[in-house]
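Here the structure comes first, spelled out in structure tokens, and everything after it is commentary.
No lab work stands behind these numbers, since they all come straight from the coordinates. It should be emphasised that the depicted structure is a prediction, and the values quoted were computed from it without experimental measurement. Cβ coordinates were reconstructed from backbone atoms using ideal geometry, including for glycine residues, and neighbour counts include every protein chain displayed.
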Amino acid sequence: MILVTSPPACGKTYISKQLARNLKHVVYLDKDTLLPLSNRVFAVAGEEINRSSKFFEENIRDYEYETIVDIGVEALEYDDIVLINAPFTKEVHNEETLERFRAKLRTKGAMLVVIWVVTTPEVCHQRMIERNSERDTWKLEHWDEYIKSVDFSIPEPLKRLDAGHDLILFHNSSDAEFDESMQSILPKLEES
């Protein structure tokens, strides 16, 4: 299972789709596919759609991640590689959560590969403006507050060499970085 992860607007979706198109025997999953369901939960609860809110954190967020990982584990029954595009911002900082992922994967004889997308905050801000998505409205309107809460550094649990997963850095602050990363990473994933 490949998790393509990073803070929002680092280019995960574009990278994930390009990787999925170039890999053989891959199931592509995007956590954003769950947005209509999550937005319905906001509406039924009479809450503003704010994916940075306490309501989202307490009632929606973790269930989205649990669901997309479970769908991915199930998909491993039918193909060799599952690639999940999602921020996993909390999960990749928590060793216990990563171990739960690895334990689920071991039941399928699979391993975990994490691709951390390295991008500057300035590039992310510009990408959020350009994609003009409802999910970013609060973030853009409260940029200074939001960006203080985002950690762009490589999470410590991912850096450990003995962690039981592979870590691949995908640099994506420019077209040249994207091209170089894609050329070097695809062969590594195909070997795995």
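Cross-link list Lys31/Lys54; Lys24/Lys188; Lys90/Lys159; Lys24/Lys90; Lys31/Lys108: which exceed 24 angstrom alpha carbon to alpha carbon?
Lys24/Lys90
Could you list Val113, Val41 so that the one with the fewest beta carbons within 10 Å of its beta carbon is first and the one with the most is last?
Ascending Cβ contact count within 10 Å gives the list Val41, Val113.
Specify which residue in the list Leu29, Tyr63, Ala43 is farthest towards the positive end of the charge dipole of the chain, using unit charges on the beta carbon of Lys, Arg (+1) and Asp, Glu (-1), about the Cα centre.
Leu29
Take Arg40, Arg127 and order them by how many other Cβ atoms sit within 10 Å, fewest up front.
Details: Arg40 10, Arg127 17.
By the 10 Å Cβ count, ascending, the order reads Arg40, Arg127.
What's the magnitude of the charge dipole for the range 94-192 around its Cα centre, counting Lys and Arg as +1 and Asp and Glu as -1 at the beta-carbon? Answer in Debye, nearest 20. Can you show the working numbers first?
On the way: 13 positive and 20 negative charges, 118 e Å.
Charge dipole, the range 94-192, about its Cα centre: 560 debye, nearest 20.
With Cβ to Cβ distances under 10 Å as the rule, what net charge do the other residues near Asp32 carry (K, R +1; D, E -1)?
Around Asp32, the charge tally is +1.
Nearest 20 debye, what's the magnitude of the dipole of the range 2-191 about its Cα centre given +1 on Lys and Arg Cβ and -1 on Asp and Glu Cβ?
On the way: 23 positive and 35 negative charges, 49 e Å.
Its charge dipole is roughly 240 debye.
Specify the residue with the greatest mean-square fluctuation among Thr89, Thr97, Thr13, computed from a Gaussian network of the chain linking alpha-carbon atoms under 10 Å apart.
Thr97
When only Cα pairs under 8 Å and 6 or more residues apart are kept, what is the percent relative contact order across the range 2-191?
Contact order relative to length: 32 percent.
Compute the length gained on full extension between Gln126 and Asp175: take 0.36 nm times their separation in residues and subtract their Cα-Cα distance, giving the result in nm to one decimal. Present the calculation step by step, with values, prior to reporting the outcome.
Values: separation 49, 0.36 × 49 = 17.64 nm, distance 1.44 nm.
16.2 nm is the gain from fully extending Gln126 to Asp175.
How many nm is it between the label spots at Lys17 and Glu66, if each spot is 7 Å from the Cα in line with the beta carbon?
3.1 nm
Tell me, in nm to one decimal, what length is gained between Ile154 and Glu77 on full extension, where the rule is 0.36 nm per residue of separation less the Cα-Cα distance?
24.6 nm
Given the options Phe152, Asn172, Pro187, identify the residue whose Cα lies farthest towards the positive end of the charge dipole of the chain (+1 on Cβ of Lys, Arg; -1 on Cβ of Asp, Glu).
The one lying farthest along the dipole's positive direction is Pro187.
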